[in-house]
Structure formats: C-alpha cells, structure tokens
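These notes are about the structure you will find just below.
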Amino acid sequence: MAQKILQAGLSAGMSAVSGMHSSKPDPVPAEYDGLKHLVPESFTPELSTRHTLRGKDGQDVPIPPIIWGAWSWGDTSTFHWSDDELPALRAAWQECLKRGMTFVDTAQVYGSGKSEEILGDLINKHSGSVPRNKIIVQTKWLPNVTDGATNVIHPVDAPLKQLRKTLERMHLDYIDCYLVHGHVHVSSIAQVAKGLAKCVEEGLTRTVGVANYSVDDMLKMKEALAEHGVPLATNQCEYSILRRMPELEGMLEACKQHRIVFQSYSSVAQGRLTGKYTKDNPPPKEYRFSKYDMEHVEPVLQVQRRLAQKYNVSVTAVALNWNILKGAVPVVGMRKESQALEDMQALGWRLTREEVAELDKLGFQGKKTKLWQQG
C-alpha cells in the first residue's frame with residue numbers, strides 16, 4: 001500500500017518534474033560556472049575510494065563512491081517488480097561483493113517494506129564470507145506514509161519505532177545510516193533530531209541524515225542534532241545533468257563546507273541518461289523524476305555516447321563520472337549484473353574539465369516543489 005501512496009504523491013508533484021510543470025526544461029544560465037564544484041584534478045574515483053559518513057564520538061562509516069539504489073526491489077507500482085528477478089539480483093550482488101561495492105540504499109516505503117526484506121535476505125543468506133561490517137545499509141523513514149498517525153502521537157519516537165520494524169524485516173541488529181525521507185513530518189526539526197539521536201544512542205544506526213531537504217532545513221537539522229552530539233552525515237537529493245538545482249542553490253557548497261556527504265539519487269535520471277531510451281522509445285510514464293521529453297535529452301546523450309566511445313565505457317558511466325566529479329556520491333538503481341558492471345565503469349578514469357563543461361552547457365536547472373523536492 002505504501003508504494004502506491006508514494007507513486008500517487010509523485011504523480012501529484014512530489015517529483016522534481018511532474019505533469020504540473022512544463023515539459024520544456026529551463027537551461028542552466030549561460031554565465032553559471034559549474035566547474036567551480038569539480039573535485040581536485042589529482043582525484044580519480046576508484047573502487048578503493050572511500051568517503052566518510054560522520055558518526056557520534058568518531059564512530060564514522062567509510063563508504064564507496066557508488067551507492068546501489070533499491071527502490072525497484074519489490075516495487076510493483078513504479079518498477080513493476082517480479083520475484084522472478086531475484087536470481088538476477090543475487091548474481092549482481094555477488095559481483096558487487098567481489099569489488100567491495102556494498103553500499104545499498106533502501107527505504108521503509110519501497111515495495112511497502114519488501115525492498116528492506118530483500119536486502120536483508122541478500123545480507124543474511126547471499127553474502128558468503130563477507131562480514132556484516134563490510135556491508136553498508138541505509139534506509140529512510142517517510143513520515144505519515146509508513147507510520148500512519150505515529151508521527152502525530154509520538155513526534156519524537158516515531159523514527160525509532162519505525163527503525164525497529166525495519167530491523168525486524170531485515171533480521172539485522174543495526175543499520176549504518178538512517179535518513180528522514182523528506183521534510184514532510186508534522187513534528188519539528190528539533191523533535192525529529194531528538195528521535196534520530198535516540199536511534200544512534202540505542203545502537204540501532206551508526207549515522208543519520210536527511211533526504212530532499214533544502215540547504216536551510218539541512219543546516220537546521222545539523223544544528224539540532226549537534227545538541228545531542230550527533231553529526232548530520234548526509235543529505236540525499238535528486239541531482240544529475242538534467243537537474244542541477246543542488247549546484248545552483250548552493251547545496252553542493254554547503255555540504256562541502258559542513259562535511260556533509262551529498263548523495264545524488266536519480267543520478268542517471270531514471271534511465272534517461274543511460275542510452276536505453278530515445279524519442280521513439282521513451283521511459284515508462286511512472287518514471288517521474290527529470291520527466292523531460294527525450295527530444296530535449298538527446299543533445300546530452302549525443303555527447304555521452306561520444307565520450308563513452310572515447311573511454312571505452314558505458315553511456316551510463318559517463319553520467320555517473322560527471323556526477324562523482326562534482327563531489328556527489330551517486331545512488332543508482334541496480335537489478336541485474338549487467339547494470340552493476342556498467343555502473344562500475346564510472347570508476348578508474350575521469351572526464352576532463354572541457355568535457356565536464358561541454359555536458360554542463362547541455363544541462364537543465366530542474367524544478368523543485370514545496371511538498372517534496374526542496375533541495
């Protein structure tokens with residue numbers, strides 16, 4: 001049921017670009033310098049690269065440069081999941097384990113909890129000799145969708161109550177990062193921060209963060225958590241060549257200044273930047289993030305295809321490499337082995353400044369909404 005509520009919300013404008021907006025994208029202002037966000041030229045993302053989610057009292061969590069997105073796992077409303085896909089997913093998981101790429105992002109609402117169950121099964125039954133502490137698990141609490149009236153009746157304890165249910169579904173003792181899925185809670189930021197701090201204090205999560213928060217609200221949460229001695233580890237927002245809002249509004253710079261890891265979801269715009277879709281073969285109507293007509297996306301894809309050929313990598317890898325070079329840790333959907341392998345081709349090389357600038361010029365500002373996409 002929860003997944004259907006989420007899909008209904010996306011249809012109503014929770015996504016950055018939905019039916020209520022014009023399908024013609026706004027270009028990034030010509031005078032804007034996106035290269036100012038580039039990571040140092042001495043940095044090349046590798047399988048061994050690690051970033052840091054900051055935890056209380058120095059209990060930090062090192063994370064790889066790519067995060068596997070598990071929204072599709074168990075989700076029948078948007079991604080039309082079938083359990084027949086489980087063998088392919090397990091094969092993909094084995095490839096990820098071999099390469100140390102073991103960070104998975106899920107949410108309590110994904111598949112109405114089934115995504116968490118599938119991830120728990122992968123960890124408990126299909127991880128071989130890889131220990132639990134080498135696997136990074138991140139899930140998200142979506143107020144007023146997954147917990148009904150709990151957020152109203154228990155404004156502080158709602159995140160804790162839902163996290164306990166998550167751990168039961170996953171058959172785990174703890175997770176590594178717990179996010180507020182969006183700033184849609186009726187409780188105050190101070191109350192949510194206190195609840196998240198309780199989750200850390202009880203050892204149920206090692207770090208905490210937010211998703212879809214604006215710069216201002218992100219920093220308010222950071223200050224509220226600091227009162228409990230807990231750092232704000234991360235903020236996860238939609239970000240890709242087709243949605244540059246986090247650059248334009250100062251999110252990337254704020255995260256850098258405050259040592260907050262910026263995670264980018266829909267980093268390949270729900271497949272629009274993978275080369276899979278064209279004007280004659282558009283993505284499913286349910287894929288609502290960065291929902292632009294493919295004719296507007298084609299100029300970007302033409303450059304990506306050329307660069308993919310130059311570096312002998314997938315078209316997807318070019319989009320992800322661009323994302324990583326802007327300082328983001330991309331979340332990208334993974335359902336089968338070929339996807340995982342293509343995504344990991346984003347590592348071991350880097351685009352030049354000139355190539356990043358060429359892609360920048362073809363990018364769009366993207367939209368944001370009061371209900372969901374604040375950041």
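The values are calculated or read from the model by the stated rules, or taken from the named source; none is laboratory data. Since this is a predicted model, take the numbers as computed values, not measurements. FYI the Cβ positions are ideal-geometry reconstructions off the backbone, even for glycines, and counts take in every protein chain you see.
Quick notes
- Glu95 vs. criteria loosely packed, with under 14 Cβ neighbours inside 10 Å and either outside any strand (DSSP E or B) or among the small types (Gly, Ala, Ser) (or both): no
- Picking from residues in region 276-303 that are within 25 Å of Ser214 (Cα to Cα) and of a type outside the set (D, E, K, R), the one that is modelled with the lowest pLDDT is Tyr287.
- Some residue of region 237-251 being surrounded by 23 or more Cβ atoms within 10 Å (Cβ to Cβ), assigned to a loop (DSSP other than H, G, I, E, B), on the phi > 0 side of the Ramachandran plot and in contact with a strand residue (DSSP E or B) (Cβ under 6 Å, 6 or more places away or on another chain): no
- Lone qualifier among Leu160, Leu204, Leu196 - being in contact with a Cys (Cβ under 6 Å, 6 or more places away or on another chain) and modelled with pLDDT of 95 or more: Leu160
- All positions within region 212-230 that are surrounded by 24 or more Cβ atoms within 10 Å (Cβ to Cβ), of a type outside the set (Ser, Thr, Tyr) and either in contact (Cβ under 8 Å) with a residue 60 or more places away in the chain or outside any helix (DSSP H, G or I) (or both): Asn212, Met218, Val230
- Residue match in region 344-351 (condition: touching a helix residue (DSSP H, G or I) at 6+ places or on another chain (Cβ under 8 Å), outside any strand (DSSP E or B), aromatic (Phe, Trp, Tyr) and touching a residue at least 60 places away in the same chain (Cβ under 8 Å)): yes
- Flag if Lys368 is of a type in the set (Lys, Arg), buried (at least 17 other Cβ atoms within 10 Å of the Cβ), more than 26 Å from His80 (Cβ to Cβ) and in contact with a helix residue (DSSP H, G or I) (Cβ under 9 Å, 6 or more places away or on another chain): yes
Matching residues to (1) modelled with pLDDT under 95; (2) under 30 Å from Glu295 (Cα atoms); (3) among the hydroxyl-bearing types (Ser, Thr, Tyr):
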| residue | (1), (2), (3) |
| --- | --- |
| Val210 | no, no, no |
| Met218 | no, no, no |
| Glu223 | no, no, no |
| His228 | no, no, no |
| Asn235 | no, no, no |
| Arg243 | no, yes, no |
| Gln257 | no, no, no |
| Val268 | no, yes, no |
| Thr274 | no, yes, yes |
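- Residue match in region 238-246 (condition: touching a residue at least 12 places away in the same chain (Cβ under 8 Å), farther than 15 Å from Gly58 by Cα and in contact with a Cys (Cβ under 6 Å, 6 or more places away or on another chain)): yes
- Just one residue in the set Lys285, Lys256, Lys291 is of a type in the set (Lys, Arg), part of a loop (DSSP other than H, G, I, E, B) and surrounded by fewer than 19 Cβ atoms within 10 Å (Cβ to Cβ); that residue is Lys285.
- Some residue of region 37-54 being of a type in the set (Lys, Arg), buried (at least 18 other Cβ atoms within 10 Å of the Cβ) and at pLDDT 95 or above: yes
- For region 2-10, the criterion of being closer than 30 Å to Ala226 by Cα and at pLDDT below 95 is met by no residue.
- Hits in region 312-341 - residues which are farther than 20 Å from Gln138 by Cβ, in contact with a helix residue (DSSP H, G or I) (Cβ under 7 Å, 6 or more places away or on another chain) and either of a type outside the set (D, E, K, R) or surrounded by 22 or more Cβ atoms within 10 Å (Cβ to Cβ) (or both): Ser314, Val315, Thr316, Ala317, Val318, Ala319, Trp322, Leu325, Lys326, Leu341
- Contacts under 8 angstrom Cβ, first residue in region 304-319 being over 19 Å from Ala269 (Cα atoms), partner aliphatic (A, V, I, L, M) and surrounded by 24 or more Cβ atoms within 10 Å (Cβ to Cβ), 6 or more apart: Tyr311/Ala317; Tyr311/Val318
- The set of residues from region 255-283 being more than 17 Å from Pro25 (Cβ to Cβ), of a type outside the set (S, T, N, Q) and out of contact with any strand residue (DSSP E or B) (no Cβ under 9 Å at 6 or more places or on another chain) comprises His258, Gly275, Lys276, Asp280.
- Among the residues of region 46-77, just one is of a type in the set (Gly, Ala, Ser), in a loop (DSSP other than H, G, I, E, B), under 17 Å from the mean Cα position of the chain (by Cα) and under 27 Å from Ala193 (Cα atoms), namely Ala70.
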